[in-house]
1. Residue under question is ARG100, and the condition is that it be modelled with pLDDT under 95, charged (D, E, K, R), closer than 26 Å to ARG254 by Cα and part of a loop (DSSP other than H, G, I, E, B); does it hold?
2. Looking only at residues in the range 197-235 that are in contact with a helix residue (DSSP H, G or I) (Cβ under 7 Å, 6 or more places away or on another chain) and of a type outside the set (A, V, I, L, M), which one is surrounded by the most Cβ atoms within 10 Å (Cβ to Cβ)?
3. With respect to ILE77, is the statement that it is in a loop (DSSP other than H, G, I, E, B) and either modelled with pLDDT of 90 or more or of a type outside the set (S, T, N, Q) (or both) true?
4. Suppose the filter is under 30 Å from LYS240 (Cα atoms), of a type in the set (A, V, I, L, M, F, W, C) and either assigned to a loop (DSSP other than H, G, I, E, B) or at pLDDT below 95 (or both); does VAL125 pass it?
5. Return the residues of the range 103-162 that are among the aromatic types (Phe, Trp, Tyr) and surrounded by fewer than 16 Cβ atoms within 10 Å (Cβ to Cβ); say none if nothing qualifies.
6. When you scan the range 210-256, how many residues do you find that are within 15 Å of the chain's Cα centre (by Cα) and either assigned to a strand (DSSP E or B) or farther than 27 Å from LYS157 by Cα (or both)?
7. Output the number of the condition that GLY216 fails; it satisfies all remaining conditions of (1) at positive phi; (2) at pLDDT 90 or above.
Amino acid sequence: MKLSFLKKIILLSLVLFTSQTFPQKFQGKAYYFSKSKMELGNWGARMSEAQKKQIQNRLKNRLEKKYILSFNMQESIFLEEDKIDAISGATDSWGGYFSRGDLHKNIKNDKLIQSQEFYGKRFLVKDDLLKIEWSLGTETKKIGNYTCYKAAAMIPKSELSWFDFSWSDLRQNSEDEKKEEPLIVIEAWYTPQIPVAQGPAEYWGLPGLILEVSAGNTTLLCSELILNPKEKINIIAPDKGVSITKKEYASNIRKKMIEMRNNRMGRRRGR
């Protein structure tokens, strides 16, 4: 226990020293790729390996994505690179409705702005940054040329999926009848060598840039870093769309999907 505590003191001292010597105008770009495991549940148990592989190929553009995080000491913008479906040669329009939009984080004032488009309507989601109570560990590993330290947290599932939708959500009853919300275990690896409290997606608040993070069946891993490029990086928050909170946006999606389901069931009865 004493050794572990001593390691944490040394780590925090290193972070403080590095952050004091880092230029306040420091900026950079981090390139990430994500990989998600395909979950087929009971339905998948009845499928052959060939069928599973076929579905995985068709869903590849949802299971594997690329992102760019542009950041400085106070702000960041997280963007998904455009990706074409390897099978059809077309973008996945249905999945696009429930994809993450451009995410701007301002860690100085604890605010986020995220652009979302849903059935042709633009929204500008404005809310507080996700509060993450990180538990700092002493375990280390190398990611590229950087020594990274492990951190962990537990986050309510809805905080990571408010822009997403599952038909299973509609089978839930009223808010009072819902079961206790499940928590997702988060595992992150950050490097004090880049002492900015930034990270991909919703993640932030560690004493160093997050280079890898895993949540549920999805992992985000940094594949390339560009620090202090000659050309200035302009970090501009999204500014187009109807202002709305995360909770309001999630409610709008649910209402729209219920409407679509009811319309479809009505057409079937009319036949």
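1. Numbers: modelled with pLDDT under 95: yes; charged (D, E, K, R): yes; closer than 26 Å to ARG254 by Cα: yes; part of a loop (DSSP other than H, G, I, E, B): yes.
Yes: the conditions hold for ARG100.
2. First, pick out the residues of the range 197-235 that are in contact with a helix residue (DSSP H, G or I) (Cβ under 7 Å, 6 or more places away or on another chain): 202, 207-208, 215.
Keeping just the survivors that are of a type outside the set (A, V, I, L, M) gives 202, 207-208.
Values: GLU202: 21, PRO207: 21, GLY208: 27.
Restricting to residues being in contact with a helix residue (DSSP H, G or I) (Cβ under 7 Å, 6 or more places away or on another chain) and of a type outside the set (A, V, I, L, M), the top hit is GLY208.
3. Details: in a loop (DSSP other than H, G, I, E, B): no; either modelled with pLDDT of 90 or more or of a type outside the set (S, T, N, Q) (or both): yes.
Against the criterion (in a loop (DSSP other than H, G, I, E, B) and either modelled with pLDDT of 90 or more or of a type outside the set (S, T, N, Q) (or both)), ILE77 does not qualify.
4. For VAL125, the condition - under 30 Å from LYS240 (Cα atoms), of a type in the set (A, V, I, L, M, F, W, C) and either assigned to a loop (DSSP other than H, G, I, E, B) or at pLDDT below 95 (or both) - is not met.
5. Taking the range 103-162 first, the residues among the aromatic types (Phe, Trp, Tyr) are 118-119, 123, 134, 146, 149, 162.
TYR119, the sole residue that qualifies.
6. Count: 11.
7. (2)
The values are calculated or read from the model by the stated rules, or taken from the named source; none is laboratory data. Computed from a predicted model, the values in this text were never measured in an experiment. Every residue, glycine as well, gets a Cβ built from its backbone with ideal geometry; the counts of neighbours run over all protein chains shown.
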